[in-house]
């Protein structure tokens with residue numbers, strides 16, 4: 001009896017110890033190595049910080065990114081006095097938003113109209129509905145201070161008003177030539193700049209991976225032809241293509257059609273850039289697929305009757321993902337730089353939307369020998385550089401971590 | 001090569017014509033007769049396939065025709081004027097980038113993960129990460145306004161070239177430094193390097209003669225397209241430093257639908273790219289004894 005008890009204990013012990021042992025998958029191994037690389041981890045945390053700040057921008061007590069403070073205005077009929085705030089260097093003087101009361105007023109008005117509407121007759125209801133819409137569109141104080149807020153952003157802004165009241169962060173980054181707060185503009189610009197990077201990189205990922213994998217797997221004449229197309233596209237300076245695509249897409253009739261499809265101009269802009277940047281990705285993926293397609297697992301998949309599409313997308317593509325991820329972290333900075341360059345040409349994001357490239361460009365335009373508004377160049381440049389710096393280091397770290405030669409080291 | 005040139009020509013031609021609006025569109029429409037005369041003068045009234053044929057023939061004869069937007073200039077003259085300027089600026093920038101980049105790469109690869117490595121690589125990444133118009137304007141603020149060492153803009157003397165060349169070369173220097181470092185680290189692990197050390201060669205000798213030679217291959221293949229891009233001019237720097245190069249025509253022609261000029265620019269770029277890629281292949285054979293030219 002006792003020995004049986006002992007045996008049982010022994011076996012459960014062995015079993016539990018065996019349960020604790022785990023095989024190290026490639027991904028886990030890579031992540032372990034990534035964690036040991038302090039520069040990559042620092043880059044990762046910086047990026048996470050920037051991304052979460054960007055997501056929560058409406059919640060942060062910032063000044064309005066579009067409200068202009070041009071003239072000195074004396075106090076008049078209830079409005080408090082206002083000072084022009086153009087070209088203020090970075091400072092700590094307090095700024096109030098005057099949003100709390102206006103928002104309360106607005107809510108009250110909406111509430112009144114709603115109750116009137118629910119009590120009125122049918123004809124009155126229509127009229128009131130229209131009136132309500134008018135009020136929503138023109139009297140909303142949030143709409144006055146932020147450009148086209150959507151539902152979520154508006155809700156977050158309301159939450160911010162209840163949290164912080166009228167207090168907002170002083171212009172620690174200075175103000176621009178129209179008296180707008182640079183810090184707020186940087187935060188709102190981050191949303192567009194980062195979106196450009198991510199969306200365009202994803203578009204290039206989808207096109208590049210499927211094109212490259214198809215060409216590499218099919219091989220032979222098809223591969224030759226497909227890669228010849230890539231070569232030709234390579235030799236057209238892609239600035240040209242972008243300019244032409246942007247002009248075609250901003251044509252009125254096409255614009256309307258696209259708006260009908262629910263795509264606004266910024267979205268199209270992202271997609272155009274992504275559609276330009278897939279060439280290198282296609283080459284990289286093709287090279288990888290060519291070396292992979294002789295492997296036994298592809299043979300095995302073919303023997304059990306998997307279709308070509310299935311082999312390419314289920315068996316081959318996951319195996320090249322590590323290379324693709326590394327390349328992706330290097331495409332995002334390239335795309336963001338390209339966006340900045342387009343903004344410099346005036347082809348990028350158009351005001352009142354802001355992006356970092358646009359802000360940097362505005363700063364560059366303000367450089368004169370007479371007076372140097374250094375903060376207008378420095379801070380957007382710094383924001384852009386920090387993000388790209390972090391992305392580059394993360395890409396390096398990922399490349400080292402995903403390198404199969406480094407396994408279990 | 002010819003097939004590629006032809007396809008590039010065809011794609012650019014139709015891309016340009018698909019875009020609505022022509023070179024002679026104004027805010028106010030021209031009187032119809034004048035418009036018709038102008039169109040006839042520049043063959044714009046012909047059906048598209050005949051325009052295509054005419055322009056293709058002109059391009060083969062290396063005569064790109066008059067510019068539609070720059071008065072008194074043919075496209076050939078624009079290229080002849082702008083290209084030497086852009087090219088010389090590009091060459092200076094590139095030699096600066098190569099010298100700086102390779103040195104930084106070698107120094108940081110010899111002692112990886114040391115302080116100097118981290119510093120140099122951060123600097124290189126910074127060079128890549130800062131958009132060059134920001135770099136250029138900061139350089140102007142510091143070296144022209146605060147410390148009056150250089151003239152702000154213009155072209156002609158040596159002091160004019162210095163700032164734009166550095167700003168133009170900075171991102172390339174960064175890329176080259178990082179490429180060199182990665183490749184050096186890779187090559188340092190090879191057996192032939194150990195052999196070289198084992199037969200008692202000095203470290204400097206091993207690095208320069210054995211390691212660097214192997215590590216240069218990817219750098220050279222990166223340089224091919226880079227040279228083509230850098231020598232056809234940088235729009236941003238030419239605008240900021242007021243340099244009369246080719247880069248600004250590149251963009252202006254496309255935006256203003258200057259069909260002939262735009263076509264000329266595309267062709268110059270494509271030819272440059274192909275020459276450079278061929279030179280890269282030749283350079284491969286010179287550097288790496290395992291490669292032979294077919």
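Could you order peptides A:299-308, A:161-170 by the average number of other Cβ atoms within 10 Å of their residues, highest first?
Details: A:299-308: 11.2, A:161-170: 15.2.
Listed from highest to lowest mean packing, they are A:161-170, A:299-308.
Rounded if a/c is under 1.5, else prolate if a/b beats b/c, else oblate: with a ≥ b ≥ c from the C-alpha gyration tensor eigenvalues square-rooted, which is region B:148-294? Numbers along the way, then the final one.
Values: a/c = 3.62, a/b = 1.83, b/c = 1.98.
Judged from the Cα gyration tensor, region B:148-294 comes out oblate (a/c at least 1.5, b/c at or above a/b).
So, R0 is 45 Å and r is the distance between the beta-carbons of residue B:17 and residue B:213; what FRET efficiency does that work out to, to 0.05?
On the way: r = 49 Å, r/R0 = 1.09.
Given R0 = 45 Å and the Cβ-Cβ separation, E is 0.40.
Model label points for residue A:53 and residue A:122, set 7 angstrom from Cα along the Cα-to-Cβ axis, are 5.6 nm apart.
Using only helices, what value at 222 nm comes out for chain B when you add -39,500 (n - 2.57) per DSSP H run of length 4 or more and divide by the total residues, to the nearest 500 deg cm²/dmol? All intermediate terms of the calculation are to be shown ahead of the outcome.
On the way: 12 runs with 203 residues, N = 294.
Taken over chain B, the calculation gives -23000 deg cm²/dmol.
Across peptide B:1-12, the mean count of Cβ atoms from other chains lying within 10 Å of each residue's own Cβ comes to 3.
Subtracting the Cα-Cα distance of residue A:323 and residue A:350 from 0.36 nm times their residue separation leaves 6.2 nm of extension gain. Peptides B:196-202, A:358-364 ordered by packing proxy, namely the average of other Cβ atoms within 10 Å per residue, highest first: A:358-364, B:196-202.
Residue by residue along A:281-289, Cβ atoms of other protein chains within 10 Å of the local Cβ number 0 on average.
Computing FRET efficiency as 1/(1 + (r/R0)^6) for residue A:172 and residue B:99, where r is the C-beta to C-beta distance and R0 is 41 Å, gives about 0.55. Between residue B:123 and residue B:198, the distance separating the two model label sites (each 7 Å from Cα on the Cα→Cβ line) works out to 3.7 nm.
For region A:339-367, the residues whose backbone nitrogen is under 19 Å from a point 7 Å from the Cα of residue A:238, taken along Cα to Cβ, are A:339-349, A:357.
Apply the a/c threshold of 1.5 to the C-alpha gyration tensor of region A:254-350 and tell me whether it is rounded, prolate or oblate.
Working: a/c = 4.39, a/b = 2.01, b/c = 2.18.
Cα axes put region A:254-350 in the oblate bin.
Ranked by how many other Cβ atoms sit within 10 Å of their own Cβ, fewest first, the residues A:103, A:391, A:182 fall in the order A:103, A:391, A:182. Looking at the square roots a ≥ b ≥ c of the eigenvalues of the Cα gyration tensor of region A:284-409, which shape do they give, rounded for a/c under 1.5, prolate if a/b is larger than b/c, or oblate? Since a/c reaches 1.5 and a/b is larger than b/c, the shape of region A:284-409 is classed as prolate. Taking 0.36 nm per residue of separation and subtracting the Cα-Cα distance, full extension of the segment from residue A:308 to residue A:291 would add 4.4 nm.
Counting neighbouring Cβ atoms within 10 Å and putting the fewest first, the residues A:31, B:133 line up as A:31, B:133. Between residue B:76 and residue A:372, the simple label model (points 7 Å from Cα in the Cβ direction) yields a spacing of 4.7 nm. For the peptide A:339-347, the mean number of other protein chain Cβ atoms found within 10 angstrom of a residue's Cβ is 4. The tail of the calculated P(r) for the protein assembly as shown, taken as Cα-Cα distances beyond 34 Å, holds 58 percent of the pairs.
Throughout, read-outs are computed from the coordinates displayed, never taken from laboratory work. Since the structure is predicted, the reported quantities are computational estimates derived from the model, not experimental observations. Note that we place each Cβ from the backbone using ideal geometry, even for glycine, and neighbour counts take in every protein chain shown.
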